[in-house]
1. Accessible area of region 40-122 with a 1.4 Å probe: how many percent of it is carbon plus sulfur?
2. Using a simple spin-label model with points 7 Å from Cα along the Cα→Cβ vector, what separation in nm is obtained for ARG120 and ASN31?
3. Give the Rg/Rh ratio for region 35-75, taking Rg as the radius of gyration of the Cα atoms and Rh as the Kirkwood radius, to two decimals.
4. Hey, what's the Kirkwood Rh for the chain if you take every pair of different alpha carbons, in angstrom?
5. At what distance in nm do the modelled label points of SER111 and GLU9 sit from each other, each positioned 7 Å from its Cα along Cα→Cβ?
6. Could you provide, to the nearest whole Å², the per residue accessible area of the chain with probe 1.4 Å?
7. Per-residue counts of other Cβ atoms within 10 Å, averaged by peptide: what ranking do you get for 93-100, 30-37, 52-59, highest first?
8. Tell me what the chain gives for mean residue ellipticity at 222 nm when only DSSP H runs of n ≥ 4 count, each as -39,500 (n - 2.57), the sum divided by the residue total, rounded to 500 deg cm²/dmol.
Amino acid sequence: MSDRTLSPELLALLRAHTPAGSRISTVSAGNPNWVTGVDPRGVWIETEASKAKGSGAQLVSAWMLQDAWDHLQREGSLENSHLVARSGLNVKRSSAVCALLARLPQVQVASSRPIRLEYRGR
């Protein structure tokens, strides 16, 4: 899974709506995160914790973002519980994935606790 890359469509959307230097907040708690890069491998995110530790940005892998995006488009909604469940998408960086997808114009936050995103189309 780790060698997958973002589709050209999702890569373009993320670059347009969460370019490097963007500050994004988690959906449920509003914690700040900073985008340091967007490339076909995924999105590089720095959190308050990683800033404090000096560990730098961590990659939110393309497969996590792409699987969540594909599910959202196909099903019309995505709940964080499905995103993290082993029987679901089994994504480990769910807060970052939801925060990034919530910035896209096709996505609306239907609920922040529990997190539920809805796809509104093009």
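The values are calculated or read from the model by the stated rules, or taken from the named source; none is laboratory data. Because the structure is predicted, anything quoted here is derived from the model rather than measured. Backbone-built Cβ (ideal geometry, glycine too); neighbour counts: all protein chains shown. Heads up: the accessible areas ignore ligands, DNA and RNA and are worked out on the full protein's heavy atoms, side chains in. Shrake-Rupley method; radii C 1.70, N 1.55, O 1.52, S 1.80 Å.
1. Reported share for carbon and sulfur atoms: 45 percent.
2. Taking the simple label geometry, ARG120 and ASN31 are separated by 2.7 nm.
3. Taking Rg over the Kirkwood Rh, I get 1.12.
4. Evaluated over the chain, this radius sits at 14.2 Å.
5. Simple spin-label model gives 2.7 nm for this pair.
6. 51 Å²
7. Taking the mean over residues of other Cβ atoms within 10 Å, the ranking is 93-100, 30-37, 52-59.
8. -10000 deg cm²/dmol
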